[in-house]
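Presented below is the structure to which this report refers.
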Amino acid sequence: MKRKATAGLLLLSILLTATIFGTWAYFSKTFKSEDNIAKAAVFDVDVVNKDGETIADADFDLDEDLYPGMETKEVYQFDIQRNNTELPLEYEVNLKKEGELFKEGSPVVITIERNVEGKWVEAEPELKFVPNSDVEQFRILADWPHSDNDIDFQGLTGKIHLQVIAKQTDGEEPAGPPYYTGAIEFKVTPNGRTYKTSNKEIDFYLNDDGEKVIEVSMGDGEADDPNAFENKVGDFRIVEEDGWFRVYTEKEYYASETQMWRVRPDAVDVSKAGVIRLAKVLGPYLSIESKELYDWYVGKK
């Protein structure tokens, strides 16, 4: 779900530039309040390194040069901390590369990952999102797999630019739901049938306890096939409760008010963009394809 940005309110911007091979970094932090808007509100966003130290006019070193065949290396990690901020926020994280080392055909790979529900997930190099938690964690990875043109990049240098921006938003939600899913699959038991359907109405929100709720409706009527998802599973909802994501269905006995079908948050797979997959041991799973649900769940905007 998206939030509309309010221009000209409060802004935190942090800019990092790192040079690969003889590396250095520069950060600048600015706070801005235009037209004296929202002066009484608390806007206290901070960005810290992996040691918990605030990033400001500081250097960091990548420790060693990159080389062909190296293992993927974490070159930097940082957290965005909401602290005491009372205002609705959105963050922007932008990662850009420049220089001879990153020219066309370069075998050097720089990626940024975000910690989502305890798992590191590759993020877009230009990411805008509403934070889901008080602390958002990111890391930058470098890799140089062997290629036919490694020698062409020996000794070259390049820079990576990391920009972190925190903005106040107006907190308004767009029109909707309803939204509609792509493919849905539900394998309830290890040896049971896998039920499949698609194009179903979906809603998702935080309840009064701040926990996630996902609701999927089959619509009116039943399918002709007696073993269809609509007839065997029916409407269902996923509720975050007591440290679990529990599935309640309208018709499936093993996922009902009396029989628990549930997974821990770390068993929610978001590695495939646009798909949320709840995976149990021994094979059962529930998979929902929905860009809107996925973006809401991982906090993308």
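The values are calculated or read from the model by the stated rules, or taken from the named source; none is laboratory data. Nothing here was measured: the structure is a model prediction, and the numbers come from that model. Don't worry about glycine lacking a Cβ; one is built from the backbone with ideal geometry, like all the others, and counts go over all protein chains shown.
Taking the condition at pLDDT 80 or above and either in the same structural domain as Asp143 (by TED's automatic domain parsing) or closer than 30 Å to Thr157 by Cα (or both), does Glu86 pass? Against the criterion (at pLDDT 80 or above and either in the same structural domain as Asp143 (by TED's automatic domain parsing) or closer than 30 Å to Thr157 by Cα (or both)), Glu86 does not qualify. Checking each residue in the stretch 255-289 for being among the small types (Gly, Ala, Ser), over 19 Å from Phe229 (Cβ atoms) and touching a strand residue (DSSP E or B) at 6+ places or on another chain (Cβ under 8 Å) picks out Ala267, Ser271, Gly274. Restricted to the stretch 187-212, and to residues that are buried (at least 16 other Cβ atoms within 10 Å of the Cβ) and aliphatic (A, V, I, L, M), which residue is nearest to Leu278 (Cα to Cα)? Ranking the candidates gives Val188 first.
Just one residue in the set Lys301, Lys272 is surrounded by 16 or more Cβ atoms within 10 Å (Cβ to Cβ), assigned to a loop (DSSP other than H, G, I, E, B) and at pLDDT below 95; that residue is Lys301.
Taking residues in the stretch 198-221 that are over 19 Å from Ser290 (Cα atoms), and partners anywhere that are among the aliphatic types (A, V, I, L, M), the pairs with Cβ atoms closer than 6 Å and at least 6 places apart or on different chains are Asn207/Val213.
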